[in-house]
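Taking it in order: structure first as structure tokens, then the write-up.
The values are calculated or read from the model by the stated rules, or taken from the named source; none is laboratory data. This is a predicted model, so every value here is computed, not measured. We place every Cβ from the backbone using ideal geometry, glycine too, and count neighbours over all the protein chains shown. Side chains included, ligands, DNA and RNA excluded: accessible areas come from the protein's heavy atoms. Shrake-Rupley method; radii C 1.70, N 1.55, O 1.52, S 1.80 Å.
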Amino acid sequence: MPATHEVTNQPPPLEGYDVFGADAALMEAVEREGAGWAVDDLHALGRLAGSPEAIGWGFDANRFPPELRTHDGYGHRVDEVTYHPAYHELMRVAVSHGLHGAPWAVDQPGAHVARAAGFVTWSQVEAGHGCPISMTYSIVPALRTQPDLAGEWEARLVARAYDPRNVAAREKPGVLAGMGMTEKQGGSDVRANTTRAERTAGGGDVDGDRGMWRLTGHKWFCSAPMSDVFLMLAQAPAGLTCFLVPRWLPDGERNSGFRIMRLKDKLGNRSNASSEIELDGALALLVGEEGRGVRTIIDMVAHTRLDCVLGATATMRQATAQALHHAAHRAAFGSTLVDQPLMRVVLADLAVESEAATVTAMHLARAFDEAARGDEGADALRRIATAVGKYWTCKREPTHVGEALECLGGNGYVEESIMPRLFRESPLNGIWEGSGNVICLDVLRAMAREPVALEVFLSEIDAARGADRRLDDAVAGVRHELGDLVGIEARARRVVEAMALALQGSLLVRYGHPAVADAFCASRLSGEEGLALGTLPPGLDLGSIIERSHPKVA
Ligand SMILES: Cc1cc2nc3c(=O)[nH]c(=O)nc-3n(C[C@H](O)[C@H](O)[C@H](O)COP(=O)(O)OP(=O)(O)OC[C@H]3O[C@@H](n4cnc5c(N)ncnc54)[C@H](O)[C@@H]3O)c2cc1C
């Protein structure tokens, strides 16, 4: 039989490469921000992330989403979510590389930076499983406010052992954590929580003098419900309070008041089970001071917000890599796409956005690192700059991924390219852990309550003063916006956007590749770019930007 046609001009799959090693901006940041000691491990993780096997796990974990089994065949409640084996492989790798907690287990400068780079690298394979990884990483600082509970749980939370069995935590070498704040009547406004907490009689044998509590109510979003332990907010007599809710009790029985009602049918993030749960007298332990629940859980939220920035960075890097790879192998109208003048502007613009996110994310990770080591200035910076960075990188993510998808033409709209999955994932980082408006209002709150945080932020964006006039003007613009507080709530998005662009510009001018910094200042800071990506002004060194961002397959 004669063949109907020959397959030509289709790019090979982007696989068999080192995801970390192909990312110049990320590698430079790791060295600069103090985690040079981690590069061997990061290259190993990067090679795994670029392997056909791991890429396949990412696809399978989403093609075969988790399923909830509420009861067994005999009518007993089991509240069990089952996952495809590919999901477990993704989790096993993440945990074995310490992405869920290594910085808390080692006293090493740069540990949060190393973990951040690992998270950015590995999340490019699959984003959904990053949710429990992130929550487990983030629970530790909040739990430390209650040293007895930290003493009981921390070693297993940071252990590099993934154990997905549905058994009591005490039987496991390693455990995972989740969190329950959002309820039907309010997610951003957690003070509207209606879940009640009542002290039980005679629980002292389990929880010393503080006794045990019973929670009654519901949570409207509770991701990774197979986690071993959760931090949840509930109304105690003294007000909104933080509790630790184990899925199994210390006596080896299920915490039977914890019921998974159903799983959400979501736009994306499909490998990750997000559930609705009911609490019918679920046993819980007090964390921190009664009535100070928001204050206690905010330490957890601060870290998951960092991971939103890392997640957005990972998605934009993967989208950029796919677009560059496709354009380098696809020809149209007689020449390769990557050589066509208009496509070069689009690709370079995508790369600039991705590098701006990378430099921001990794500098934030350093602030977390230094804050954890007692540096008050870094702590103030991370307080305000995490919210600023989260707002802007998450705002850019869907626009960026949509544009990258278009670079692949029709292939980008088809599931076998990773692009539809990246696109569906792209709005999520902007929603959870503080949606756009809420994050902007949080920046205003941080400035009002902690003036030192604003001072530290302003000196950070001022640190490159004199190096680039466009950046100097942008910093002056931020000061101008902040100089007049009238109507600032309605202007919060303008203010935070200006702060984010000045931060990214300052970091790129100081630490980035000169061609990337120049393109960023010429477009994002001087107002010379159009509203769509791919409208960089003329005269920029697009070749250098594209060359350094292009993922080289050995
Ligand atoms: C896939 C997924 C997984 C999730 N997993 C979890 C989980 O594990 N645990 C958990 O606790 N939650 C989880 N959430 C919930 C998430 O954190 C909330 O959806 C989010 O915080 C927003 O809350 P909400 O849905 O109640 O929206 P609302 O709070 O009603 O907000 C709606 C909109 O109004 C805006 N808004 C709110 N207040 C103001 C204001 N004062 N001024 C101007 N605008 C305002 C918000 O920015 C938002 O755009 C998850 C959500 C998703 C999508």
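A few remarks follow.
- Lone unmet requirement of (1) under 27 Å from the mean Cα position of the chain (by Cα); (2) within 16 Å of the ligand (Cβ to nearest atom) for V478: (2)
- Criterion (part of a helix (DSSP H, G or I), open to solvent by 10 Å² or more (accessible area, probe 1.4 Å) and more than 20 Å from F119 (Cα to Cα)) met by exactly one of G374, G412, G402, G430: G402
- Residue match in the stretch 171-191 (condition: within 30 Å of V438 (Cβ to Cβ), more than 26 Å from the chain's Cα centre (by Cα) and either aromatic (F, W, Y) or modelled with pLDDT of 95 or more (or both)): no
- Lone unmet requirement of (1) within 25 Å of the chain's Cα centre (by Cα); (2) more than 30 Å from F221 (Cα to Cα); (3) among the β-branched types (V, I, T); (4) surrounded by fewer than 18 Cβ atoms within 10 Å (Cβ to Cβ) for V516: (4)
- Looking only at the stretch 323-356, residues that are surrounded by fewer than 20 Cβ atoms within 10 Å (Cβ to Cβ) and of a type in the set (G, A, S) come to 5 in all.
- The sole residue among R214, R259, R270 that is away from the ligand (no atom under 11 Å from the Cβ), open to solvent by 30 Å² or more (accessible area, probe 1.4 Å) and under 30 Å from the mean Cα position of the chain (by Cα) is R259.
- The set of residues in the stretch 240-252 being modelled with pLDDT of 95 or more and open to solvent by 20 Å² or more (accessible area, probe 1.4 Å) consists of W248 alone.
- Condition check for E290: at pLDDT 95 or above and more than 16 Å from the ligand (Cβ to nearest atom): yes
- Criterion applied to D339, D349, D369 was being closer than 24 Å to P103 by Cα and away from the ligand (no atom under 16 Å from the Cβ), and the one residue passing it is D369.
- Residue count for the stretch 1-49, restricted to those that are among the β-branched types (V, I, T), part of a loop (DSSP other than H, G, I, E, B) and open to solvent by 20 Å² or more (accessible area, probe 1.4 Å): 3
So that you can scan it fast, the table gives a plain yes or no per residue for (1) open to solvent by 30 Å² or more (accessible area, probe 1.4 Å); (2) more than 20 Å from Q124 (Cβ to Cβ):
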{"residue": "G58", "(1), (2)": "no, no"}
{"residue": "T70", "(1), (2)": "yes, yes"}
{"residue": "V78", "(1), (2)": "no, yes"}
{"residue": "V81", "(1), (2)": "no, yes"}
{"residue": "P85", "(1), (2)": "yes, yes"}
{"residue": "L90", "(1), (2)": "no, no"}
{"residue": "V93", "(1), (2)": "no, no"}
{"residue": "S96", "(1), (2)": "yes, no"}
{"residue": "P103", "(1), (2)": "no, yes"}
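- Checked across the stretch 290-301, the condition of being part of a strand (DSSP E or B), closer than 23 Å to P237 by Cα and either in contact (Cβ under 8 Å) with a residue 24 or more places away in the chain or open to solvent by 10 Å² or more (accessible area, probe 1.4 Å) (or both) holds for no residue.
- Cβ pairs under 7 Å, 6+ apart, first in the stretch 477-497 and closer than 17 Å to A448 by Cβ, second of a type in the set (A, V, I, L, M) and assigned to a loop (DSSP other than H, G, I, E, B): V495/I488
Residue-wise test of (1) within 25 Å of F243 (Cβ to Cβ); (2) open to solvent by 10 Å² or more (accessible area, probe 1.4 Å); (3) part of a helix (DSSP H, G or I); (4) away from the ligand (no atom under 16 Å from the Cβ).
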{"position": "F119", "(1), (2), (3), (4)": "no, yes, yes, yes"}
{"position": "W122", "(1), (2), (3), (4)": "no, no, yes, yes"}
{"position": "P141", "(1), (2), (3), (4)": "yes, yes, yes, yes"}
{"position": "G151", "(1), (2), (3), (4)": "yes, yes, yes, yes"}
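- Check on A453, open to solvent by less than 20 Å² (accessible area, probe 1.4 Å) and more than 10 Å from the ligand (Cβ to nearest atom): yes
- Scan of the stretch 459-473 for residues that are open to solvent by less than 90 Å² (accessible area, probe 1.4 Å) and either closer than 22 Å to A380 by Cα or touching a Cys at 6+ places or on another chain (Cβ under 7 Å) (or both), ordered by number: S459, E460, I461, D462, A463, A464, D468, R470, L471
- Verdict on P147 being without any contact (Cβ under 8 Å) to a residue 24 or more places away in the chain, surrounded by fewer than 24 Cβ atoms within 10 Å (Cβ to Cβ) and at negative phi: yes
- If you go through the stretch 157-203 and pick out every residue that is more than 10 Å from the ligand (Cβ to nearest atom), in a loop (DSSP other than H, G, I, E, B) and of a type in the set (D, E, K, R), you end up with 4.
- Enumeration of residues in the stretch 415-427 that are hydroxyl-bearing (S, T, Y) and either surrounded by fewer than 18 Cβ atoms within 10 Å (Cβ to Cβ) or within 16 Å of the ligand (Cβ to nearest atom) (or both): S426
- Conditions (1) small (G, A, S); (2) touching a residue at least 12 places away in the same chain (Cβ under 8 Å); (3) away from the ligand (no atom under 16 Å from the Cβ); number of the one not met by G434: (3)
- Only one of the numbered conditions (1) at negative phi; (2) open to solvent by 30 Å² or more (accessible area, probe 1.4 Å) is not met by T320, and that is (2).
- Listed by position, the strands (runs of 3 or more DSSP E) contained in the stretch 216-280 that have at least 3 residues being touching a Gly at 6+ places or on another chain (Cβ under 8 Å) are 229-236, 239-246.
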